[in-house]
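What follows is a set of notes on a single structure, which appears directly below.
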Ligand code: UDP
């Protein structure tokens, strides 16, 4: 770690796993560059402060009830959080700014800026009062973040196909999605989406910069287009999962028996199947996935998070006994460690941004099964653009899953995918190393923050 530079940065993550992990990673990166870190967080899904002894954590009360936190509509949850957190956040930050005049060594470090998740939109209301430069951490890829502002317009105009044969065509309004993905995305229940997206757009445009945990190598042409769209400095500082693992920011208890189990399996033989912290499926979909994995006759590690199966349908005992012959089922796994393990041959994933990037950083080819929101786009990047995975085309059927596992592990298609994945992994690794594009962008970010 570099010597302290006398500056403090305030970070404010959105309280879901997929947003906390990149924010904590950013905290680790900035800390390694000499910045002191204070994380302001909600009481809902509070990160474990004891896992990060070098950072200061301050909790604000979000006032969410148990029922409010259990909604499966994220836009509703984020809109509510924005409404409830404005006052407690403003009070907390005002106090912090006042105390930076304090005499104690730690507190008197000058607060240079606030970096918050793009999903916090009320913060722009505080710009005039607090006069603190504000940067946005964006947990999407650049292409998704640019593209998703078109959704309300398409929804209003009614996005229709002239014939079913167009379903597999590219959606020109939002590439690399196909028309069928766009229809699914537009079919999601999101009444509050339009005002929420407008606020995100305004808050982003009035910020002092946008940070993406992505890099030019992953987001090709989107970076220059985003610079034209937003007209604020943009930093694509790259995925740094290998140097700054996010596992310490897990909100769930990780099942540590996974690694000794993997140690007993052959190289590149295991399929790891996990669907992140938000996606949910029906009991029969879960059973199709589990049978597909079992019938492939390959060892598998399947994560079934509490609450991820709709309704009460459990896996019947006799099915469990068959599954256990080849597989291991856990509630939450140390994902980054697993993806690094020599025994892993493929990742059946919901294509959350973090999961995709973690998989690329470890060179693990994917089987894509997106469920909602930005996952559709990342699945297309994986299967159609980078060509480092097989897309299930939304068919949650045991035969399809078995076939995808076999193709990935044993057939020519899988061999070609592995070769391309190795090249992509190397490109991303080069990007975060000295003089790589992400490395240079991080240098600019450090200069930018230091200049405030
Ligand atoms: N994760 C994990 N263990 C699991 C499943 C997921 O540690 O069993 C982590 C994973 O490594 C990733 C995050 O949870 O960093 C999930 O983020 P992602 O963007 O993939 O999906 P989301 O949860 O936002 O849908």
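Within the stretch 311-329, not a single residue is within 26 Å of residue 140 (Cβ to Cβ) and either touching a strand residue (DSSP E or B) at 6+ places or on another chain (Cβ under 8 Å) or surrounded by 13 or more Cβ atoms within 10 Å (Cβ to Cβ) (or both).
For the stretch 37-59, filtering for residues that are touching a residue at least 60 places away in the same chain (Cβ under 8 Å), surrounded by fewer than 22 Cβ atoms within 10 Å (Cβ to Cβ) and over 21 Å from residue 122 (Cα atoms) leaves 3.
Taking the criterion of being without any contact (Cβ under 8 Å) to a residue 60 or more places away in the chain, surrounded by fewer than 17 Cβ atoms within 10 Å (Cβ to Cβ) and within 26 Å of residue 309 (Cβ to Cβ), the only residue of the stretch 71-96 that qualifies is 71.
Among the residues that make up the stretch 377-387, is at least one of them within 11 Å of the ligand (Cβ to nearest atom), surrounded by 24 or more Cβ atoms within 10 Å (Cβ to Cβ) and closer than 24 Å to residue 72 by Cβ? Yes, that holds for at least one residue. Would you mind stating whether residue 161 is over 20 Å from residue 378 (Cα atoms) and at pLDDT below 90? Against the criterion (over 20 Å from residue 378 (Cα atoms) and at pLDDT below 90), residue 161 qualifies.
Within the stretch 341-359, does at least one residue satisfy the condition of being within 22 Å of residue 432 (Cβ to Cβ), within 12 Å of the ligand (Cβ to nearest atom) and more than 13 Å from the chain's Cα centre (by Cα)? Yes, some residue in the stretch 341-359 is within 22 Å of residue 432 (Cβ to Cβ), within 12 Å of the ligand (Cβ to nearest atom) and more than 13 Å from the chain's Cα centre (by Cα).
Give just the number: which of (1) on the phi < 0 side of the Ramachandran plot; (2) within 13 Å of the ligand (Cβ to nearest atom) does residue 265 not satisfy? Failing condition for residue 265: (2).
Selection of the stretch 149-164 for residues being in a helix (DSSP H, G or I) and loosely packed, with under 14 Cβ neighbours inside 10 Å yields 153, 156, 157, 164. Taking residue 27, is it surrounded by 13 or more Cβ atoms within 10 Å (Cβ to Cβ), touching a strand residue (DSSP E or B) at 6+ places or on another chain (Cβ under 8 Å) and under 23 Å from residue 448 (Cα atoms)? Taking the combined requirement at face value, the residue satisfies it.
Counting only helices (runs of 4 or more DSSP H) that sit wholly inside the stretch 271-348, those with at least 1 residues that are out of contact with any helix residue (DSSP H, G or I) (no Cβ under 8 Å at 6 or more places or on another chain), free of Cβ contacts under 8 Å to residues at least 40 places away in the same chain and within 26 Å of residue 382 (Cα to Cα) are 283-295. Can residue 414 be described as in contact with a strand residue (DSSP E or B) (Cβ under 9 Å, 6 or more places away or on another chain), more than 25 Å from residue 179 (Cβ to Cβ) and at pLDDT 95 or above? When the stated conditions are applied, residue 414 passes them.
Kindly check whether there is at least one residue in the stretch 314-335 that is within 16 Å of the ligand (Cβ to nearest atom) and closer than 30 Å to residue 147 by Cβ. For the stretch 314-335, residues within 16 Å of the ligand (Cβ to nearest atom) and closer than 30 Å to residue 147 by Cβ: present. Listed conditions (1) crowded, with 24+ Cβ neighbours inside 10 Å; (2) closer than 19 Å to residue 339 by Cβ are all met by residue 438, apart from (2).
On the given criteria, is residue 390 within 16 Å of the ligand (Cβ to nearest atom), on the phi < 0 side of the Ramachandran plot and not in a helix (DSSP H, G or I)? Judged against the criteria, residue 390 is not a match. Of the residues making up the stretch 351-369, those that are assigned to a loop (DSSP other than H, G, I, E, B), in contact (Cβ under 8 Å) with a residue 40 or more places away in the chain and buried (at least 24 other Cβ atoms within 10 Å of the Cβ) are 352, 364, 365, 369.
Could you look through the stretch 268-301, keep only residues that are within 22 Å of residue 71 (Cα to Cα) and touching a strand residue (DSSP E or B) at 6+ places or on another chain (Cβ under 6 Å), and pick out the one that is nearest to the ligand (Cβ to nearest atom)? Ranking the qualifying residues of the stretch 268-301, first place goes to 274. The helices (runs of 4 or more DSSP H) found entirely in the stretch 188-257 that carry 3 or more residues being surrounded by fewer than 17 Cβ atoms within 10 Å (Cβ to Cβ) are 193-205, 222-230.
The values are calculated or read from the model by the stated rules, or taken from the named source; none is laboratory data. Note that the structure is a prediction, hence the values are computed from the model and not measured. FYI the Cβ positions are ideal-geometry reconstructions off the backbone, even for glycines, and counts take in every protein chain you see.
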